[in-house]
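Every number in this text was worked out from the coordinates using simple rules, so none of it is lab data. All values reported here derive from a predicted model rather than from experimental measurement. Using ideal geometry, Cβ is built from the backbone for each residue, glycine included, and neighbour counts are taken over all protein chains shown.
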Amino acid sequence: MARPTRAYNADAGDTALERRFVTPEGVDLRLQLASAGERAAAFCIDVFAIVAILTVVSLLLGYTGLATEADEVVIIVWLLLFFFLRSFYFTFFELRPGAATPGKRVLGLRIAPRNGGRLRAEAVFARNAMREIEVFLPISFFFAQGPGGVDGWIIFVGSIWGGIFAFFPLFNRDRLRPGDMIAGTWVVKAPKRRLQEDMARAGEEALPAFQFSAEELDAYGAHELHVLEDVLRTRNEDTIALVADRIRTKIGRNAAPDEDDATFLDAYYAALRARLEQLLLFGVKRRDKHDRDAKP
Amino acid sequence: MTKTKTEMDSVLRSRRFRLEREADWLKLEDLLARVAKGGAAALTNDELVDLPRVYRSTLSALSVARSTSLDKNVIAYLESLSTRAYFFLYGSRASLSDRFMSFLRRDWPLSVRAIWRETVVALAITLLAGAAAFSLVMNDADWFYSFAPADLAGDRSPAASTESLRSTLYDGGGEGLSVFATFLFTHNARVAIFAFALGFAFCIPTVFLLAYNGCVLGAFLALFVSRNLGFELGGWLLIHGVTELFAIILAGAAGLKIGWAVANPGDQTRLAAVAAAGRTASLAVFGVIIMLFLAGLLEGFGRQLITNDLVRYAVALSTGVLWWLYFYGGRVAHEGGLHGEADTRL
């Protein structure tokens with residue numbers, strides 16, 4: 001099974017939440033953990049969904065209850081629905097193949113076992129059973145009404161105590177709730193990404209019209225290449241003109257009479273990528289324009 | 001300069017790589033999308049066989065791309081695709097009903113057996129608290145009000161006459177009966193989950209919850225015994241109480257198991273110990289919810305339909321024997337313990 005450990009590689013982006021996670025095939029998936037903000041946002045969406053379901057069903061039940069006078073059945077259905085939503089809404093969705101509630105799916109998150117094994121049903125149940133003390137306990141303390149005096153103090157101390165559980169993910173590096181600790185799970189990012197067009201395709205067509213010297217291509221590193229990739233993908237005319245100007249100044253090259261900025265950038269992108277990838281083959285990774293020592 | 005120029009004439013190496021391999025990636029993406037919608041049944045046999053191949057091909061493409069390509073989009077795409085495929089291929093694909101059957105057949109009894117020490121402790125706490133409350137209320141009936149919550153006690157209090165106390169044991173209440181049973185089930189199930197969750201705070205709140213439950217029981221028992229209704233109360237209480245009290249004690253035991261692992265992880269790291277305890281304990285607590293549901297049925301229907309004390313005791317005894325045999329009596333397939341073997345099956 002895959003064994004996750006803390007991230008070690010320096011080229012990765014946000015290393016604070018990146019975890020080494022080697023599959024049995026020996027490839028590090030470099031899992032990104034969900035941030036506390038994303039977790040909170042997903043939870044809010046789910047709570048909103050629960051409240052919406054309860055409201056709609058309550059209205060429907062109230063209506064049928066009035067119409068048929070079968071209020072006993074109506075109350076039973078409502079009690080059971082409330083119980084199952086509160087205790088099993090999260091469990092139900094996280095047991096499905098996506099291992100994510102609707103809120104998590106919207107944010108591109110899912111739960112996964114920390115040890116890389118299979119996600120067990122009891123782990124999903126455990127992590128959500130703990131919501132009783134992480135969510136409902138602090139809320140009940142917070143809204144408890146005491147007549148003052150001793151009761152007020154109990155509520156105050158209880159709120160702090162409950163707050164510790166509610167804000168637990170902020171106090172550890174892996175953003176674990178108590179439920180994640182009990183269940184041995186964590187919440188990771190698993191967004192769906194689309195395979196987009198290769199930006200070097202347009203560049204290679206444009207390239208014959210341009211000739212770049214090795215010095216001109218050594219002005220930048222991988223970081224600038226990636227920024228350029230984003231610029232070309234968005235195709236905003238103003239940005240393209242601005243960036244083309246910057247690059248021409250930096251490499252000391254004058255625009256040819258009827259040179260198109262976008263075509264110039266396409267060609268420069270393809271040439272720069274070819275140059276940096278060639279260096280990569282020789283084991284040299286030039287991270288950015290300041291990475292001057294990286295020469296073959 | 002000329003060298004750079006000649007290399008530019010050919011296609012970029014990373015682009016050529018992508019053109020050669022991207023058919024596999026798109027195929028994997030398509031298979032995953034269909035599986036997410038319709039489960040493994042949505043794929044043909046050939047596609048199922050092909051799935052691991054395109055997965056490995058994508059993974060190896062990811063390694064190659066990371067060390068040779070600077071196309072940001074391709075690397076991000078391959079990372080997300082490989083991660084999703086990994087979670088599918090190494091995730092659990094057993095259907096919910098399969099998982100539930102294996103829970104009934106072995107995981108539930110095994111988990112209850114695994115927390116037997118905690119169960120004994122939880123039972124002892126309940127009995128001690130019950131005995132203490134019992135003797136206090138027997139000496140001074142006013143103590144009853146300290147233990148029994150007003151909404152649960154209703155008109156059963158030391159102020160009530162013996163006759164009206166007796167009637168609460170046999171009068172079903174008629175209307176609103178099953179509503180009350182449903183309410184009790186959902187209430188008790190939440191208390192049970194709560195007792196489990198509270199164990200995380202080093203057992204202490206769970207111990208209080210168990211002791212409080214014992215106190216309420218002891219106080220009621222003392223009230224009825226003082227009016228010579230002890231035997232009758234026993235039948236009224238135990239017909240569902242054997243199941244319900246056992247369930248609550250098991251929930252408390254599950255909480256104690258977790259709290260003990262938090263406080264005293266032994267040879268493992270604290271996180272590993274808590275996760276291991278949590279797996280066992282959560283199985284037991286899920287079972288507790290089923291027990292409470294059955295207890296609710298017994299309370300809502302069985303107790304109202306059966307008003308003969310001896311029959312009530314007989315039902316109580318048989319439920320006790322059944323639970324005992326189910327949890328501790330059977331010979332459950334035991335290879336690899338509670339979690340070892342399940343790894344390959346589910």
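Summary of computed values
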{"read-out": "Cα Rg over Rh - the range B:100-146, Kirkwood", "value": "1.34"}
{"read-out": "Mean projected area in nm² (Cα convex hull; one quarter of hull surface) for the range B:207-322", "value": "8.3"}
{"read-out": "Ratio of the Cα radius of gyration of the range A:20-129 to 2.2 N^0.38 Å, where N counts its residues", "value": "1.41"}
{"read-out": "Where N is the number of residues in the range A:145-216, Cα Rg divided by 2.2 N^0.38 Å", "value": "2.54"}
{"read-out": "23 Å Cα-Cα threshold exceeded, pairs from A:Lys104/B:Lys27; A:Lys192/A:Lys289; A:Lys104/A:Lys192", "value": "A:Lys104/B:Lys27; A:Lys192/A:Lys289"}
{"read-out": "Projected-area average for the range A:39-86 over all orientations - Cα convex hull basis, square nanometres", "value": "3.1"}
{"read-out": "Cα-based Rg / Dmax (Å) for the range B:10-113", "value": "18.4, 69"}
{"read-out": "Degrees between helix B:45-68 axis and first principal axis of chain B (Cα, 0 to 90, nearest 10)", "value": "70"}
{"read-out": "Semi-axis lengths, Å, the range B:147-291, gyration tensor of Cα atoms, sqrt of 5 times eigenvalues", "value": "36, 16, 11"}
{"read-out": "Folded to 0 to 90 degrees: helix A:150-166 orientation relative to chain A principal axis, Cα", "value": "40"}
{"read-out": "Between 0 and 90°, nearest 10: helix A:71-94 axis offset from chain A longest Cα axis", "value": "30"}
{"read-out": "Kirkwood Rh in Å, taken over the range B:260-323 so that all alpha-carbon pairs contribute", "value": "14.5"}
{"read-out": "Reciprocal of mean inverse Cα separation for the range B:46-165 (Kirkwood radius, Å)", "value": "21.5"}
{"read-out": "Karplus-derived 3J(HN,Hα), 6.51/-1.76/1.60, for each residue of the range B:110-120, Hz, glycine and proline x", "value": "5, 5, 5, 5, 5, 10, 5, 4, 5, 4, 4"}
{"read-out": "The protein assembly as shown: calculated mean residue ellipticity at 222 nm from DSSP helix runs of at least 4, using -39500 (n - 2.57)", "value": "-21500 deg cm²/dmol"}
{"read-out": "Between the range B:267-305 and the range B:63-80, the Cα center-to-center distance that results, in Å", "value": "46"}
{"read-out": "Simple Cβ-charge dipole of the range A:37-189, Lys/Arg +1 and Asp/Glu -1, about Cα centre, in debye nearest 20", "value": "980"}
{"read-out": "Shape call, chain B: gyration tensor on alpha carbons, a/c limit 1.5", "value": "prolate"}
{"read-out": "Calculated log₁₀ intensity ratio I(q)/I(0) where the Debye formula runs over C-alpha points of the range A:166-262, q = 0.12, 0.16, 0.21 Å⁻¹", "value": "-0.59, -0.77, -1.18"}
{"read-out": "Cα-based convex hull, the range A:71-177, per residue volume (Å³, whole number)", "value": "151"}
{"read-out": "Relative intensity, log₁₀ I(q)/I(0), of the protein assembly as shown from a Debye sum that treats every alpha carbon as a point, q = 0.06 Å⁻¹", "value": "-0.47"}
{"read-out": "Table column - 3J(HN,Hα) (Hz), the range B:275-283, Karplus curve with 6.51, -1.76, 1.60, x for Gly and Pro", "value": "5, 5, 5, x, 5, 5, 5, 5, 4"}
{"read-out": "Charged-residue dipole, Cβ positions (Lys, Arg, Asp, Glu), the protein assembly as shown about Cα centre, Debye nearest 20", "value": "1680"}
{"read-out": "Radius 13 Å from Cβ of A:Leu79, net charge of other residues (Lys, Arg +1; Asp, Glu -1)", "value": "0"}
{"read-out": "D (Stokes-Einstein, µm²/s), Kirkwood Cα radius, chain A, 0.890 mPa s at 25 °C", "value": "102"}
{"read-out": "Simple Cβ-charge dipole of the range A:63-147, Lys/Arg +1 and Asp/Glu -1, about Cα centre, in debye nearest 20", "value": "800"}
{"read-out": "Amide H contacts of A:Trp186 (H built 1.01 Å from N, under 5 Å, at least 5 apart or other chain)", "value": "A:Ala112, A:Arg114"}
